[in-house]
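**Q** Sharing a structure, written as structure tokens. Questions coming.
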Amino acid sequence: MSNVVTNWAGNITFGARRLHRPAALPELQEIVRAGGPLRVLGSGHSFNRMADTTGDLVSLISLPRVVEIAEDRRTVRVDGGIRYGELVDRLDAEGLAVHNMASLPHISVAGAVTTATHGSGVRNGNLATSVAAIELIRGDGELVTLRRGDEDFPGAVVGLGALGVVTALTLDVVPAFEIRQYVYDDLPRASLEQHLPEILAAGYSVSLFTNWQTGDINHAWFKRTDELPEGPLFGARPADGKRHPVPGVAADNSTDQFGVPGPWHARLPHFKMEFTPSTGAELQSEWMVPFDRALEAIDAVARVREKIVPVLQVNEIRTVAADDLWLSMNYERDSLGLHFTWIADTAAVLPAVAALEEQLAPLEARPHWGKVFTQDAATVRSRYPRFSDFQALVAKYDPKGTFRNPWLDDILGH
Ligand SMILES: Cc1cc2nc3c(=O)[nH]c(=O)nc-3n(C[C@H](O)[C@H](O)[C@H](O)COP(=O)(O)OP(=O)(O)OC[C@H]3O[C@@H](n4cnc5c(N)ncnc54)[C@H](O)[C@@H]3O)c2cc1C
């Protein structure tokens with residue numbers, strides 16, 4: 001490619017020979033019919049080679065933006081290139097919302113859905129669970145629609161970009177709602193031991209942040225629809241200033257705190273759209289373990305504390321409700337998510353990643369598809385009961401391998 005393209009983190013330089021930006025669906029179908037190898041580039045916020053190709057990359061950014069609210073106001077149909085940050089204002093203006101958001105609004109909806117991206121909340125499924133229909137261009141260039149209830153649907157939604165180009169998604173929506181974000185400092189380890197399930201359920205969305213300098217939680221973030229009384233909570237103190245998830249980092253890019261009510265899209269993400277999210281210089285990993293083994297999982301992380309601390313910016317602990325999407329990290333499991341924001345140094349980070357994977361193996365941890373992991377693919381496959389059905393689905397939708405790349409070949413095992 002004439003212009004070098006990297007992912008958001010800069011740790012992946014794409015090896016593609018061309019980057020297409022089709023302006024209309026027939027043009028995109030022609031690109032697919034050329035046979036690939038072809039991968040879609042969403043907003044590039046993944047941290048591994050899943051979007052990479054030595055063939056062609058295609059960005060959907062130049063396709064017309066679509067935000068079509070159904071007459072019954074229960075769903076919205078969006079195009080395959082839109083970002084949450086573009087969608088949320090349009091929805092909110094109509095008095096509607098999506099049920100949850102990731103830590104940032106900058107990501108594309110289709111890229112988030114295909115990797116089972118999630119926010120937090122014991123009753124909130126990941127973002128893919130709001131998908132009611134998916135429109136995609138298969139390997140043969142045909143545009144097909146799959147709806148909830150169709151046989152292939154639960155296998156296709158979290159599809160890792162393997163079944164085709166997602167050109168549109170229909171998402172469930174709910175009435176717009178207000179949220180208050182409260183941050184508390186220094187949640188003691190003893191409180192986790194006594195009250196972890198209650199703490200994680202003490203809000204619509206709850207995130208605990210620790211840099212593992214001690215056994216305590218540096219801050220606990222509670223996003224709630226109602227007010228919290230003044231004073232300590234589970235032994236933690238209300239923060240005396242605005243916080244960034246990474247302890248000590250200036251909080252300008254964080255969404256508003258101190259319990260000030262605000263619209264769902266201005267509180268559910270940790271980071272504001274108009275700023276660089278997170279720290280901007282980082283790698284990320286995340287594993288999902290069964291919620292009912294949450295404390296065991298936190299203890300497993302503690303066992304490798306000395307290995308992770310030198311490369312760790314922050315560990316976020318959050319929750320995701322179970323779903324029925326075959327390749328969702330939350331497939332049939334209420335989950336605890338153990339997210340790690342690392343320093344931006346792959347060689348230094350990988351041993352810490354491997355150490356965590358070893359500790360979390362007895363908990364059948366499932367790595368986030370879009371983040372850094374080193375677990376061998378056979379082990380990853382074994383953690384998904386419907387994986388062989390997914391392999392068959394890929395063969396059905398992309399028999400000639402138009403959308404394959406080395407990352408996918410490895411995950412699929414052939
Ligand atoms: C700062 C930061 C914060 C993050 N916070 C969270 C978080 O809170 N929760 C969480 O779960 N994750 C989080 N992530 C990870 C992120 O949500 C995922 O990596 C997600 O996939 C990013 O979407 P994207 O469009 O940027 O994907 P990309 O990296 O562009 O692509 C990801 C995959 O999707 C495929 N793809 C994209 N669009 C399409 C399409 N239209 N059709 C077919 N395939 C497609 C690509 O080919 C690729 O395989 C974060 C990432 C960053 C950088």
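**Q** Percent of Cα-Cα pairs per 5 Å bin, from 0 to the last occupied bin, for region 142-231, please list those.
**A** Taking every Cα pair in region 142-231, the percentages come to 3, 10, 16, 14, 8, 8, 12, 13, 10, 5, 1, 0.
**Q** Keeping every protein chain present and rolling a 1.4 Å probe, give me the accessible area per residue for the chain in Å².
**A** It amounts to 38 Å² per residue over the chain.
**Q** Cα atoms only: what Rg and Dmax, in Å, come out for region 232-376?
**A** Rg and Dmax of region 232-376, Cα atoms, are 16.2, 45 Å.
**Q** Which of the lysines could be linked to Lys223 by a straight reach, that is with a Cα gap under 26 Å, when you skip same-chain ones fewer than 8 residues away?
**A** Cα-Cα hits under 26 Å: Lys242, Lys272, Lys371.
**Q** Cα gyration tensor of region 228-269, axes a ≥ b ≥ c as square roots of the eigenvalues: rounded (a/c below 1.5), prolate (a/b > b/c) or oblate?
**A** oblate
**Q** If you line up the long axis of helix 294-303 against the longest principal axis of the chain, both from Cα atoms, how many degrees apart are they, to the nearest 10?
**A** Roughly 80 degrees between the two axes.
**Q** Starting from the residue with the highest accessible area, list Thr279, Thr319, Thr170 in decreasing order, probe 1.4 Å.
**A** Per-residue accessible area, sorted high to low, gives Thr279, Thr170, Thr319.
**Q** Next up: With viscosity set to 1.002 mPa s and temperature to 20 °C, compute the Stokes-Einstein D of the chain, Rh being the Kirkwood radius across alpha carbon pairs; µm²/s, no decimals.
**A** 99
**Q** What order do Arg180, Arg305 take when sorted by accessible area (1.4 Å probe), most exposed first?
**A** Descending accessible area places them as Arg305, Arg180.
**Q** Take the alpha carbon atoms of region 22-150, find their radius of gyration, then divide it by 2.2 N^0.38 Å using N residues; give the quotient.
**A** 1.09
**Q** Sticking with this one: Counting only protein heavy atoms, what percent of the accessible surface of region 370-414 is carbon or sulfur at a 1.4 Å probe?
**A** 52
**Q** How big is the shadow of the Cα convex hull of region 322-414, averaged over all directions, in nm²?
**A** It is 6.8 nm².
**Q** Return the calculated 222 nm mean residue ellipticity for the chain, to the nearest 500 deg cm²/dmol, obtained by summing -39500 (n - 2.57) across DSSP H runs with n ≥ 4 and dividing by the residue count.
**A** That comes out to -6500 deg cm²/dmol.
**Q** Let me check I have the definition right: for region 179-234, take the eigenvalues of the Cα gyration tensor, multiply each by 5, take square roots. What are those semi-axes in whole Å, largest first?
**A** 19, 11, 10
**Q** Now for a separate question. About the Cα centre, and with charges only on the beta carbon of Lys, Arg (+1) and Asp, Glu (-1), how big is the dipole of region 125-267? Nearest 20 debye, please.
**A** Approximately 200 debye in magnitude.
**Q** Cβ under 12 Å from Val394's Cβ, Val394 left aside: what net charge do those residues give with Lys, Arg +1 and Asp, Glu -1?
**A** Computed value for this residue: 0.
**Q** Which order, highest average first, do 147-155, 208-216 follow once you tally other Cβ atoms within 10 Å for each residue and take the mean per peptide?
**A** Output ranking for 147-155, 208-216: 208-216, 147-155.
The values are calculated or read from the model by the stated rules, or taken from the named source; none is laboratory data. Fair warning: this is a prediction, and the values are worked out from it, not measured in the lab. Every residue, glycine among them, receives a Cβ derived from its backbone with ideal geometry; neighbour counts consider all protein chains shown. Note: areas computed on protein heavy atoms with side chains; ligands, DNA, RNA excluded. Shrake-Rupley method; radii C 1.70, N 1.55, O 1.52, S 1.80 Å.
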